[in-house]
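S.K.: Encoded as structure tokens, here's the structure I'll be asking about.
The values are calculated or read from the model by the stated rules, or taken from the named source; none is laboratory data. Just so it is clear, the model here is predicted, and its values are computed rather than measured. All Cβ positions, even for glycine, are placed from backbone atoms using ideal geometry, and neighbour counts span all protein chains on display.
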Amino acid sequence: MRSLPIRVRLTLWYSLAIAATLFIIGLVSLWMVHRAINNLEKNELQERVRGVRRFIESRPAGETLAELHEAITAAYNASHGNKWLQVIDEQGNWIYRSPHVAAVYPELVLPRQAPQQGYYFTYTAESFSVRALIAPIAVHGVHYTVQTGLTLNKTLAILSNLRIHLFLLITVGLLVSSIAGHFMSRKALRPVAALAAEARRINDRHLDIRLPVASARDEISDLSQTLNQMLERIDKAFASVRTFTGNASHELRTPISLLRTEIEVALIRPREATEYRAVLERLHGETVRMTSLVENLLSLARADGGAETIARAPIRVADLFQQVAASWKSAMEAALLDFHVETPASGLALLGDRQLIARLLSILLENASKYTPAGGSVKLHSAISGTRIVISVEDTGVGIAPEHRERIFERFYRIAPAGEPAPAGFGLGLSLAKWIAGRHGTELAVESEPGGGSRFSFRLERSLEKTEVAM
């Protein structure tokens, strides 16, 4: 089931919140009005009881029951004849009864049976709802019970009208708030719609477009900035892929063209075996270079895709150095370089992927041999630094200018010595070496000065295990 649009959901939530608020306000208002009216009624009933007390207190102390009855009847029939009032003494004698009470409420408790704090109750008489109070009073040593009441018809009518008006007000308020919420949600989401419209223009050919950022520091501006940062990363990734593809195509086109040319020349006419052998040797050399290039490209592609995994295990540094030195000894001698390996103690071990670490060292040694003139030296050594082992490759080569140090790890980037062609290679080795170091939680540090040689180093965690190590 499709979910509702955000605009509709915002309107519904806003309307629901307003409806709940209005409903609560209506209930509280109705309760407060009812409570206020109830307090007014209680005060009115208590005041009537006090009025009866004051009237009896104003009569002479020796007045007979008949005289008191005649006096209170004459006074109250004139002013309270249409009200609910009756008075009885402690012997059960009626002092006063209004016509309304006499007709519908013949019984009245004696003073000794009435609660001292009074008793409020409601009853129906002659289609009237009456709120009554029964309370005992004592005047001149005589106890009386007074019952007085108020009709509730007006009160009930007021409360009924109030409920109707509150219902109408809540309904109108909810309708108005829903309409206002709809327009407010549209206005609030208008910047998002503008961002969406602008984002639709962005594709792989227009990655330079950036979303507008509002001057206000709010969620919309944060969203725009976040999306712009994401677009910046995507743009760089696309540019990197384009550059990578273009450079890879260029590097592959040259040896493929050379192979095709050599083969076509060899097929023009019959040749001697020695000539064919020379052609095959040249073709073999080019295929070796192409194989190296393809392997590096595949390694970088797997690294970018996260498919390249590492398996860390303890590695004896002495065994690792011996393996790498054996594979590079002949190449260093052919380049007329003094290759020196400082073999560490046999018990020294590090944690890492043996195959990847060996490849990293081979890349650094290959780089040193390319940029070190004949007669120079290359040194591979290690040192302990706390809980880590520092492995470095130093050479006495041409060095690296400051403007090139940050770029030597870019793919296909090569430095050509002044007045000389660029050394053989594809400019992928150091990129791969940097990735290997990063997967091992370290960085490939560079120390170099033009004409003063270079030093590449990295730090790996030291292994203290004395059991099995990777061979």
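S.K.: Looking at ARG112, ARG163, ARG97 in this structure, which one is among the basic types (Lys, Arg) and farther than 30 Å from GLU67 by Cα?
M.R.: It is ARG163.
S.K.: Condition test on TYR119, is it more than 30 Å from SER221 (Cβ to Cβ), modelled with pLDDT under 80 and surrounded by 13 or more Cβ atoms within 10 Å (Cβ to Cβ)?
M.R.: no
S.K.: Let me ask you something else. Scanning for something part of a helix (DSSP H, G or I) and assigned by TED's automatic domain parsing to the domain that holds VAL146, does the stretch 58-65 turn up at least one residue?
M.R.: There is at least one residue in the stretch 58-65 that is part of a helix (DSSP H, G or I) and assigned by TED's automatic domain parsing to the domain that holds VAL146.
S.K.: Test ILE164 against the stated conditions and say whether it is among the aliphatic types (A, V, I, L, M), in contact with a Lys or Arg (Cβ under 6 Å, 6 or more places away or on another chain) and modelled with pLDDT of 90 or more.
M.R.: no
S.K.: Would you tally the residues in the stretch 1-54 being in a loop (DSSP other than H, G, I, E, B) and basic (Lys, Arg)?
M.R.: 1
S.K.: Ok, one more. Out of ILE170, ILE134, report the one residue that is surrounded by 15 or more Cβ atoms within 10 Å (Cβ to Cβ), touching a Phe, Trp or Tyr at 6+ places or on another chain (Cβ under 7 Å) and outside the structural domain of ASN39 (by TED's automatic domain parsing).
M.R.: Exactly one of ILE170, ILE134 is surrounded by 15 or more Cβ atoms within 10 Å (Cβ to Cβ), touching a Phe, Trp or Tyr at 6+ places or on another chain (Cβ under 7 Å) and outside the structural domain of ASN39 (by TED's automatic domain parsing), namely ILE170.
S.K.: A further question on this structure: May I ask you to list the residues in the stretch 361-379 that are of a type outside the set (Lys, Arg), in a helix (DSSP H, G or I) and either farther than 14 Å from ILE391 by Cα or in contact with a Leu (Cβ under 8 Å, 6 or more places away or on another chain) (or both)?
M.R.: LEU361, ILE363, LEU365, GLU366, ASN367, ALA368, SER369 - these are the residues of the stretch 361-379 that are of a type outside the set (Lys, Arg), in a helix (DSSP H, G or I) and either farther than 14 Å from ILE391 by Cα or in contact with a Leu (Cβ under 8 Å, 6 or more places away or on another chain) (or both).
S.K.: Going through LEU444, LEU464 one at a time, which residue ends up being under 15 Å from ASN367 (Cα atoms) and either at pLDDT below 85 or in contact with a helix residue (DSSP H, G or I) (Cβ under 7 Å, 6 or more places away or on another chain) (or both)?
M.R.: Just one listed residue meets the conditions, LEU444.
S.K.: Ok, one more. Can you name every residue in the stretch 174-191 that is of a type in the set (A, V, I, L, M) and over 24 Å from the mean Cα position of the chain (by Cα)?
M.R.: LEU174, LEU175, VAL176, ILE179, ALA180, MET184
S.K.: So which of ALA157, ALA138 is under 30 Å from THR64 (Cα atoms) and small (Gly, Ala, Ser)?
M.R.: ALA138
S.K.: Sticking with this one: (1) surrounded by fewer than 12 Cβ atoms within 10 Å (Cβ to Cβ); (2) at pLDDT 70 or above; (3) part of a helix (DSSP H, G or I): which one isn't true of SER224, the others all being true?
M.R.: (1)
S.K.: GLU219 is checked against (1) modelled with pLDDT under 70; (2) closer than 30 Å to ALA199 by Cα and fails just one. What number does that condition carry?
M.R.: In the conditions (1) modelled with pLDDT under 70; (2) closer than 30 Å to ALA199 by Cα, GLU219 misses (1) alone.
S.K.: Can I ask one more? Looking at the stretch 134-152, can you tell me whether even one residue there is hydroxyl-bearing (Ser, Thr, Tyr) and more than 24 Å from GLU90 (Cα to Cα)?
M.R.: yes
S.K.: Determine if the stretch 46-54 includes at least one residue that is in contact (Cβ under 8 Å) with a residue 24 or more places away in the chain, in contact with a Pro (Cβ under 8 Å, 6 or more places away or on another chain) and surrounded by 13 or more Cβ atoms within 10 Å (Cβ to Cβ).
M.R.: no
S.K.: Here is a further query. GLU90 versus (1) at pLDDT below 90; (2) crowded, with 17+ Cβ neighbours inside 10 Å: which is the lone unmet condition?
M.R.: (2)
S.K.: Tally the residues that are under 19 Å from LEU430 (Cα atoms), among the hydrophobic types (A, V, I, L, M, F, W, C) and buried (at least 21 other Cβ atoms within 10 Å of the Cβ), restricting the search to the stretch 329-364.
M.R.: 6
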